[in-house]
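One structure, pasted below without further comment.
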Amino acid sequence: MTQPLQTATTPGRTVTVAGRTCLFFSGFSYLGMHAQPAFREALQAGTEQFGPVFLSSRVANVRLSIYEELEHALAVLFRQQAAAAYSSGYLAAQAAVHYAAQHAELLYAPGAHPALRLNGADVPGQDWETWAQQTVTRINSQPDHTFALAADAVNPLTSTINDFSWLAAVERKMLAVIDDSHGAGILGTDGEGIVHALPVHTPVRYLLTASLAKAYSIPGGLVAGHAADIAAMKRQPAFTASSPIMPAGAYAFLQSQSLYAARRNKLRLNIQYFRQQVTGNPLVHNPHHLPVFLLQPGQRQPAIDKYLLDHDIIISSFAYPDPSSPPIHRIVLSALHEPFDMDALAKMLGHFNE
């Protein structure tokens with residue numbers, strides 16, 4: 001196993017490792033907000049106003065009003081009746097699937113993230129289309145509310161946006177828990193995520209969950225859905241007994257909507273630019289215009305992560321789904337990258353593939 005690279009600072013478009021400054025095409029801060037001065041100023045202002053933490057639970061007799069403001073904004077953004085904010089995306093996803101499992105049997109989609117799995121549950125090994133066809137048949141063969149879906153909107157390891165159009169064929173009432181951690185803030189006109197592509201279909205009601213860290217650079221998570229579902233979730237221990245999201249993060253999120261929009265536009269331009277630079281390179285795969293470009297070198301080629309590191313470029317490279325698995329090599333773009341960064345990377349990829 002390759003030893004991890006150590007750094008003493010949070011990467012931006014570059015990172016310093018062992019005294020070398022390298023271009024950084026890894027991580028998940030897609031909008032690059034963590035490195036934006038205006039966003040950091042908003043975080044600082046929020047910290048000065050609220051302190052580093054709110055000293056009580058969300059259900060105590062004294063409550064902080066900014067949490068309700070945040071949840072209203074999240075519900076509007078994700079086109080749902082209500083939302084609940086949690087201290088992490090993992091906790092939000094676990095809260096959602098625990099709630100769903102109390103009312104129905106969970107049907108896991110292929111590749112479902114561990115945050116969506118209860119007690120380390122296995123996921124199907126089929127391809128998505130075959131699984132979807134079989135799932136529709138299974139749901140329609142049973143009474144209403146027998147099943148609940150647990151699926152990711154975006155698979156960042158394969159650079160894929162999952163297709164949920166098949167839900168329009170469901171005839172029985174069901175709950176669909178969809179984790180949109182890698183789509184929220186990125187997909188849709190306003191960053192509303194996968195919801196813009198979900199069927200509006202009476203038998204299916206949605207419970208959307210996401211990390212706020214991936215695009216928004218806020219340590220926290222959310223669940224959005226029907227008001228009755230959210231109200232019930234707010235009565236459960238994952239909400240009542242857990243520490244709330246950092247109030248300064250809530251404040252920065254609310255203050256930064258125009259900045260988010262500007263950075264989202266910059267990211268989309270970067271994706272378009274880099275796709276043009278690597279057109280014709282069979283090594284690079286980006287089927288759905290996501291900020292993740294999958295690299296698939298041949299078995300006889302040298303390790304691409306080491307090759308790029310030798311040229312001061314760091315990409316995402318790690319074994320998945322377990323430490324003994326083959327490594328997955330990916331380029332992760334952010335709104336921080338500039339054309340000359342992407343030119344340098346595209347040039348090295350061209351040389352590698354010669």
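The values are calculated or read from the model by the stated rules, or taken from the named source; none is laboratory data. It should be emphasised that the depicted structure is a prediction, and the values quoted were computed from it without experimental measurement. Don't worry about glycine lacking a Cβ; one is built from the backbone with ideal geometry, like all the others, and counts go over all protein chains shown.
Of the residues that make up the range 179-186, is at least one β-branched (Val, Ile, Thr) and without any contact (Cβ under 8 Å) to a residue 12 or more places away in the chain?
no
Could you tell me which residue of the range 33-85 is nearest to Asp190 (Cα to Cα), considering only residues that are assigned to a loop (DSSP other than H, G, I, E, B), aliphatic (A, V, I, L, M) and over 26 Å from the mean Cα position of the chain (by Cα)?
Leu64
Let me ask you something else. Quick one: Gly249 ticks every box in (1) closer than 30 Å to Thr209 by Cβ; (2) small (Gly, Ala, Ser); (3) modelled with pLDDT of 95 or more; (4) over 24 Å from the mean Cα position of the chain (by Cα) bar one, so which box is it?
Among (1) closer than 30 Å to Thr209 by Cβ; (2) small (Gly, Ala, Ser); (3) modelled with pLDDT of 95 or more; (4) over 24 Å from the mean Cα position of the chain (by Cα), the lone unmet condition for Gly249 is (4).
Oh, and also: Can you report the number of residues in the range 1-32 which are more than 24 Å from the chain's Cα centre (by Cα) and basic (Lys, Arg)?
1
Let me ask you something else. Name the single residue, out of those in the range 206-250 being hydroxyl-bearing (Ser, Thr, Tyr) and surrounded by fewer than 23 Cβ atoms within 10 Å (Cβ to Cβ), that is farthest from His182 (Cα to Cα).
Checking each candidate, the answer is Thr240.
Kindly evaluate Asp190 against the criterion of being of a type in the set (Asp, Glu), within 21 Å of Tyr108 (Cβ to Cβ) and either within 12 Å of the chain's Cα centre (by Cα) or outside any strand (DSSP E or B) (or both).
no
Still on this model: List every residue pair whose Cβ atoms lie under 6 Å apart, where the two residues are 6 or more positions apart in sequence or sit on different chains, the first residue falls within the range 53-65 and is of a type in the set (Phe, Trp, Tyr), and the second residue, located anywhere, is modelled with pLDDT of 90 or more.
Phe54/Leu64; Phe54/Pro244; Phe54/Pro247
Here's a follow-up. Just the residues that are farther than 20 Å from Leu207 by Cα and in contact (Cβ under 8 Å) with a residue 60 or more places away in the chain, please, taken from the range 124-171.
Answer for the range 124-171, where residues must be farther than 20 Å from Leu207 by Cα and in contact (Cβ under 8 Å) with a residue 60 or more places away in the chain: Pro156, Leu157, Thr158, Ser159, Thr160.
Would you pick out the residues in the range 258-276 that are within 30 Å of Leu64 (Cβ to Cβ) and in contact (Cβ under 8 Å) with a residue 12 or more places away in the chain?
Leu259, Tyr260, Ala261, Arg263, Arg264
Taking the range 1-50 as the region of interest, how many residues are in contact with a helix residue (DSSP H, G or I) (Cβ under 6 Å, 6 or more places away or on another chain) and hydrophobic (A, V, I, L, M, F, W, C)?
8
Out of Lys266, Lys234, Lys306, which single residue is touching a strand residue (DSSP E or B) at 6+ places or on another chain (Cβ under 6 Å) and either more than 30 Å from Asp122 (Cβ to Cβ) or not assigned by TED's automatic domain parsing to the domain that holds Phe78 (or both)?
Lys234
In the range 232-256, how many are under 29 Å from Asp190 (Cα atoms), touching a helix residue (DSSP H, G or I) at 6+ places or on another chain (Cβ under 7 Å) and part of a loop (DSSP other than H, G, I, E, B)?
Counting residues in the range 232-256 that are under 29 Å from Asp190 (Cα atoms), touching a helix residue (DSSP H, G or I) at 6+ places or on another chain (Cβ under 7 Å) and part of a loop (DSSP other than H, G, I, E, B) gives 2.
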